[in-house]
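Working notes, structure below.
The values are calculated or read from the model by the stated rules, or taken from the named source; none is laboratory data. Remember, it's a predicted structure, so these values are computed and weren't measured experimentally. In this analysis, Cβ positions are derived from the backbone assuming ideal geometry, glycine residues included, and neighbour counts consider all displayed protein chains.
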Amino acid sequence: MANTQAISGVMKQVALGAVVDGKALKAALYLASATTNGSNSAYTATGEVSGTNYTAGGVSVTNANTASLTGTTAYWTPSAAIVYTTVTLATAFDAVMIYSTTDSNRNLGVYTFGSQTVTAGTVTLNMPTNDASNALIRFA
């Protein structure tokens, strides 16, 4: 068998852990008309939703999971659903940015879903299973 070039799984886990482990995270919602994406290095209010009972910057993310490793895949998922309670967001939104308030509002990722509006309702973003195949962030 020949040698192969690769980044070790442990290195991936350590790198991911440096970004998520023990960090205070938040999740902000973005309008369907916004252009928020991975090129945003940090949280931005530009294109963020506004409405009744929605606070600029979004809500806190429950972050009890640590970066994990299976084989050579490092992964992480928030440990609970992200919930916006009794909000009215009349303009269509379709994305959430998860960012670290611990690290100068560093953008960890922008995730899209079907465009929606809500009137005096609860928006719940359920998280995938925290494993090497399904986690929200995976480095294979």
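Details
- Test: residue in the stretch 109-131 that is of a type outside the set (F, W, Y), within 30 Å of V14 (Cα to Cα) and touching a Phe, Trp or Tyr at 6+ places or on another chain (Cβ under 6 Å): no
- Flag for V110 being touching a Leu at 6+ places or on another chain (Cβ under 8 Å) and of a type outside the set (F, W, Y): no
- Close pairs (6 angstrom Cβ cut-off, 6 or more residues apart or separate chains): farther than 14 Å from M97 by Cβ in the stretch 12-31, aromatic (F, W, Y) anywhere: K12/F139; L16/W76; V20/W76
- Count of the stretch 24-73 residues which are of a type outside the set (A, V, I, L, M, F, W, C), within 12 Å of the chain's Cα centre (by Cα) and within 18 Å of T91 (Cα to Cα): 1
- Residue within the stretch 43-56 that is in contact with an Asp or Glu (Cβ under 8 Å, 6 or more places away or on another chain) and under 15 Å from T101 (Cα atoms) present: yes
- Some residue of the stretch 69-78 being touching a strand residue (DSSP E or B) at 6+ places or on another chain (Cβ under 9 Å), under 18 Å from S115 (Cα atoms) and either at pLDDT 95 or above or basic (K, R) (or both): no
- Scanning the stretch 51-76 for residues that are surrounded by fewer than 18 Cβ atoms within 10 Å (Cβ to Cβ) and outside any strand (DSSP E or B) gives G51, N53, T55, A56, G57, T62, A64, T66, G71, T72.
- Criterion: part of a loop (DSSP other than H, G, I, E, B), of a type outside the set (G, A, S), more than 30 Å from A6 (Cβ to Cβ) and without any contact (Cβ under 8 Å) to a residue 40 or more places away in the chain - qualifying residue of T117, T88, T122, T35: T35
- Here the stretch 77-107 is the region considered, the condition is being buried (at least 21 other Cβ atoms within 10 Å of the Cβ) and touching a Lys or Arg at 6+ places or on another chain (Cβ under 9 Å), and the residue that is nearest to A24 (Cα to Cα) is Y99.
- Any chance L108 is touching a helix residue (DSSP H, G or I) at 6+ places or on another chain (Cβ under 7 Å), assigned to a strand (DSSP E or B) and of a type outside the set (D, E, K, R): yes
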